[in-house]
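These notes concern the structure reproduced below.
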Amino acid sequence: MRKIELPKATHEALTKALSRYLKDELDLEVTGFDAVFLTDFIIGTMGPHVYNQALADAQVLLSKKLEELGESILALEQAAPLSR
């Protein structure tokens, strides 16, 4: 699996949110490079699991939608007259 890479703005927002969370909830100052490295670690270790679960959820949803589509197509079928 390839490395999860987020847009720069998203990565920065996540880093700031993580720093804020650590300060507010744990009274722990983690900023600058430390916050970036921690964000990268979390994305690298937890990200693939979250990503894989999202793919599995999407697969289930897609399967249900395809089944519904197939049923809708079958409902459109018309009885063909028999040859005489």
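Please treat every number below as a calculation from the coordinates, not as lab data. These figures come from a predicted structure and were not determined experimentally. Please note: Cβ atoms are built from the backbone with ideal geometry, for glycine as well, and neighbour counts cover all protein chains shown.
What the table below lists for this structure:
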| quantity | calculated |
| --- | --- |
| Derived scalar couplings ³J(HN,Hα) [the range 64-80; Karplus, 6.51 cos²θ - 1.76 cosθ + 1.60; whole Hz; x for Gly, Pro] | 4, 5, 5, 5, 4, 5, x, 5, 5, 5, 4, 5, 7, 4, 10, 5, 8 |
| Cβ-based net charge around Leu22, under 12 Å, with every Lys or Arg adding one and every Asp or Glu removing one | -2 |
| Reachable lysines, given that their alpha-carbon falls under 30 Å from the alpha-carbon of Lys23 and they are not under 8 places away in the same chain | Lys3, Lys8 |
| Packing-based exposure ordering (other Cβ within 10 Å, fewest first) of Phe33, Phe41 | Phe33, Phe41 |
| Using θ = phi - 60° and Karplus 6.51 cos²θ - 1.76 cosθ + 1.60, couplings along the range 47-60 (whole Hz; Gly, Pro as x) | x, x, 5, 5, 4, 5, 5, 4, 5, 5, 5, 5, 4, 4 |
| Between 0 and 90°, nearest 10: helix 8-26 axis offset from the chain longest Cα axis | 60 |
| Neighbour-limited loop hits for GluC sites (Glu not before Pro), the chain (at most 12 other Cβ within 10 Å; DSSP other than H, G, I, E, B) | Glu5, Glu29, Glu77 |
| Cα-based Rg / Dmax (Å) for the chain | 24.0, 86 |
